[in-house]
Amino acid sequence: LHAASTNRMVGDANSTAPPASGSTDDEPGWWNNPRAQDITFDVLAGCYAIIALVALIQLIRIQRRVPEYGWTTQKVFHLLNFVCASFRAGVFPFWREVDALPNAAARAALMDTPGLLFFTTYALLVLFWAEIYHQARSFPTGALRPTFVGVNALVYAFQGSLWTWEGAQPKVGTVLEKVSALFLASACAAAAAGF
């Protein structure tokens, strides 16, 4: 959820969302009800909290079973799932406060960071399967991890530059929010294509 998309979701005057099923244009839909919005975001926060708890339990379980291997790809995957889901579980209950932040860059960072973490998690899964494939074919695997780190560094640097630009130039904030959303979607789609 990005700050601009959150505003559009709550049904402001510029909303492009269609009215709720069974309502007319001049009638408020169920989503325009602040109580329905709060319940929805609280339920989402609860779901993400459950996902975070499951990821943490899995991480602890794996660490207790095989502590001698250190930080494996599987452990890092569960750690990233835990951090990503925990971040969303923490932000969703306070979405109104986050949406009302005067600093556009801080608001965007709070809303976009889970998407970046999800990208890293998905890219790590791609790395895991690439390593398995390369090992099965007896191909060298030395370049896989540096490529993973490099791609992630570029994605985070570009997203950070968008946040910085958004904080420095609030007049172009709406355009940058759309660029940011498109960039994150494209990055995740590229990771999915790599799978």
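The values are calculated or read from the model by the stated rules, or taken from the named source; none is laboratory data. Predicted model only: the values in this text are computed from it and were never measured. Calculation scope for accessible area: heavy atoms of the full protein, side chains included, ligands and nucleic acids excluded. Shrake-Rupley method; radii C 1.70, N 1.55, O 1.52, S 1.80 Å.
Annotations for the structure displayed:
- Within the accessible area of the range 79-195, the carbon and sulfur atoms contribute 72%, probe 1.4 Å, all protein chains present.
- Gyration tensor (alpha-carbon) shape descriptor, the chain, a/c threshold 1.5: prolate
- Potential extension, Asp42-Val76 segment - 0.36 nm per residue separation minus Cα distance: 9.5 nm
- Residues in the range 99-114 carry Karplus couplings, in order, of 5, 8, 4, x, 7, 4, 5, 5, 4, 5, 5, 5, 7, 8, 4, x Hz; the curve used is 6.51 cos²θ - 1.76 cosθ + 1.60 with θ = phi - 60°, and Gly or Pro positions show x.
- The spacing between the range 61-104 and the range 121-195, judged by their C-alpha centroids, is 17 Å.
- Taking every protein chain into account, the accessible area of the chain amounts to 59 square angstrom per residue (probe 1.4 Å).
- Cα gyration tensor shape for the range 42-127, rounded if a/c is under 1.5, else prolate or oblate: prolate
- Rounded to the nearest 10 degrees, the angle from helix 73-91 to the longest Cα principal axis of the chain is 10 degrees.
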